[in-house]
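Here the structure is laid out as structure tokens; the discussion comes afterwards.
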Amino acid sequence: MNYDKIFDQAIARLHAEGRYRVFIDILRNKGAFPNARCFAGHNGPKPITVWCSNDYLAMGQHPDVIAAMEEALHNVGAGSGGTRNIGGNTHYHIELERELADLHGKEGALLFTSGYVSNDATLSTLARILPGCVIFSDELNHASMIAGIRNSGCEKKVWRHNDVAHLEQLLAETDPALPKLIAFESVYSMDGDIAPVHAICDLADKYNALTYIDEVHAVGMYGPRGGGITDREEAAHRITIVEGTLGKAFGVMGGYIAADRKIIDVIRSYAPGFIFTTSLSPVLVAGVLAAVRHLKKSSVERDGQQAAAAMLKRMFAEAGLPVMPSVTHIVPLMVGDPVKAKKISDILLAEYGVYVQPINFPTVPRGTERLRFTPGPSHSEEMMRDLTAALVEIWERLDMELREAA
């Protein structure tokens with residue numbers, strides 16, 4: 001058995017399909033986001049503008065967040081000391097869980113080391129606890145949700161994206177006596193569309209199903225207090241479990257769920273992904289705590305993000321660039337070819353100092369490869385004009401078709 005040959009062939013396939021991932025070598029400039037320094041392929045760092053960060057509101061740069069983390073570092077040190085059960089449970093963790101429960105109007109919350117882990121651990125554990133559980137999963141659910149459902153070993157039924165009629169069809173043909181869980185996202189990050197939350201909850205009520213919503217691309221950014229789409233739509237009380245991340249709008253790291261105390265206790269007591277891993281550093285938790293508290297009372301960042309996204313969509317459309325329809329802060333630009341998507345990304349970085357990663361299969365279906373821009377409150381109109389002009393030049397250089405200007 002030639003193991004090296006097998007590994008070489010696996011990597012070669014990715015290169016041939018234009019799907020080989022390259023991790024850029026950068027450092028962000030504190031207090032000057034979206035400005036950063038790129039160390040890849042240059043003699044010394046090159047200044048760049050970041051257009052694909054999930055630190056949507058630049059809270060990772062916020063003075064309150066940084067100050068809270070510095071204070072915690074000097075107060076308790078760097079690490080957590082172990083799992084939550086053995087040395088890793090701190091007052092910071094307890095305070096943050098209280099804030100997150102309050103954010104979603106739930107009785108309790110539970111922290112995880114990432115949004116991926118919170119989805120995987122919660123969905124797999126919940127379905128194993130419920131005998132004969134059937135999970136109804138939107139076809140565009142995130143990989144972490146798919147992994148959790150797969151790891152549960154339960155029956156899965158996939159419904160067409162945001163198609164509540166298809167969801168009802170699947171619910172109606174399922175044994176009424178079986179436990180049911182409807183799993184979906186609020187904001188789908190590759191297309192920028194939103195789930196019909198109330199319609200899904202209506203079906204859950206009708207067919208006695210639990211509901212699980214992934215709000216990772218919405219918490220902090222939607223709703224009067226940043227509780228996400230369920231906050232904005234006044235639907236949080238209808239959702240059984242809300243899942244979110246601490247690494248996007250809140251600008252730090254981690255994941256969580258919020259639900260009633262009984263469900264939180266079950267996941268806390270049975271989920272291996274929670275029980276057997278070192279807890280988040282209290283330094284990180286302190287930073288998130290400051291971010292959550294700030295965004296509960298401040299809408300300045302949310303308003304700035306929405307204005308920036310609207311402006312960039314308008315500029316792309318007016319320039320004839322193939323911007324995809326989006327009702328959220330996500331601004332996807334269709335390319336439709338993995339090699340060209342990578343080429344455009346490379347030219348933007350090398351010649352224009354613009355950093356945006358291509359989004360290829362399996363993140364999106366083949367033939368729908370794209371560039372995904374996430375403008376935030378710190379992206380200026382001048383930055384957007386420069387970006388738009390660069391993209392138009394590259395489109396023409398690569399003989400790609402521009403649309404008729406909107």
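The values are calculated or read from the model by the stated rules, or taken from the named source; none is laboratory data. Source: prediction; values computed, not measured. As a convention, Cβ positions derive from the backbone with ideal geometry for all residues, glycine included, and neighbour counts pool all protein chains shown. Surface accessibility is based on the protein's heavy atoms, side chains included, excluding ligands, DNA and RNA. Shrake-Rupley method; radii C 1.70, N 1.55, O 1.52, S 1.80 Å.
General remarks:
- Unique match (being closer than 27 Å to Tyr270 by Cα and crowded, with 19+ Cβ neighbours inside 10 Å) among Ala177, Ala195, Ala209: Ala209
- Only listed residue being hydrophobic (A, V, I, L, M, F, W, C) and more than 30 Å from Leu371 (Cα to Cα), chosen from Ala40, Ala12, Ala67: Ala67
- Looking only at the stretch 266-278, and only at residues there that are in contact (Cβ under 8 Å) with a residue 24 or more places away in the chain and in a helix (DSSP H, G or I), the one that is surrounded by the fewest Cβ atoms within 10 Å (Cβ to Cβ): Pro272
- Only residues that are open to solvent by less than 10 Å² (accessible area, probe 1.4 Å) and not in a strand (DSSP E or B) were counted across the stretch 370-391, and they come to 7.
- Residues in the stretch 16-50 that are modelled with pLDDT of 90 or more, aliphatic (A, V, I, L, M) and open to solvent by less than 60 Å² (accessible area, probe 1.4 Å): 5 in all.
- Test: residue in the stretch 279-299 that is closer than 30 Å to Gly88 by Cβ and either modelled with pLDDT under 95 or open to solvent by 50 Å² or more (accessible area, probe 1.4 Å) (or both): yes
- Any hit, the stretch 56-66, residues being open to solvent by 10 Å² or more (accessible area, probe 1.4 Å), in a helix (DSSP H, G or I) and among the small types (Gly, Ala, Ser): yes
- Residue check for Ala204: closer than 30 Å to Pro358 by Cβ and open to solvent by less than 60 Å² (accessible area, probe 1.4 Å): no
- Taken over the stretch 349-390, residues that are hydrophobic (A, V, I, L, M, F, W, C), within 18 Å of Arg28 (Cβ to Cβ) and in contact with a helix residue (DSSP H, G or I) (Cβ under 7 Å, 6 or more places away or on another chain) amount to 3.
- Qualifying residue in the stretch 22-45 (condition: part of a helix (DSSP H, G or I), out of contact with any strand residue (DSSP E or B) (no Cβ under 9 Å at 6 or more places or on another chain) and without any contact (Cβ under 8 Å) to a residue 60 or more places away in the chain): no
- Residue pairs meeting the criteria (Cβ under 7 Å; at least 6 apart or on separate chains; first closer than 14 Å to Gly244 by Cα, in the stretch 90-104; second modelled with pLDDT under 95 and of a type in the set (Lys, Arg)): none
- Qualifying position, being at pLDDT 95 or above and in a strand (DSSP E or B), among Val252, Val242, Val216: Val242
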